[in-house]
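Q: Just dropping this structure here.
What follows draws every value from the coordinates through simple rules; no lab data is involved. Since the model is a prediction, treat every value here as computed from it, not as a measurement. Heads up, the Cβs are rebuilt from the backbone with ideal geometry, glycines too, and the neighbour counts pull from every protein chain shown.
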């Protein structure tokens, strides 16, 4: 998608994606920093991932994926129980769609940063 189309879609309010989880449609608008940070919080514990797709492939728990997806859709955890009732593949695919709206490089950097901050704040001072 070229830059002019992206800008025009944003101005017209057409820069969203619709995903289906457990037979219900959810609209994902371009994530804000707040939404990305919330989703990143639940994805930052994934080990051994070098790309966002590697990160999504390493997900094992629908609850963790639904928490991250809830943040991308609504900006909080309020949809996570409802989303967790969907098929695991549906939730992961919807998460991939939501994350595709963000530069993968920037999201991965955010995820690594969240992991580093968590490590620093958890360490005891000597």
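Q: Of the listed peptides 15-22, 70-77, 32-39, what is their order by residue-averaged count of other C-beta atoms within 10 Å, with the highest listed first? Each step should come with its number before you reach the end.
A: Details: 15-22: 15.2, 70-77: 20.8, 32-39: 18.0.
Packing order, densest peptide first, comes out as 70-77, 32-39, 15-22.
Q: On to the next question. So, R0 is 25 Å and r is the distance between the beta-carbons of residue 24 and residue 76; what FRET efficiency does that work out to, to 0.05?
A: So the FRET efficiency works out to roughly 0.90.
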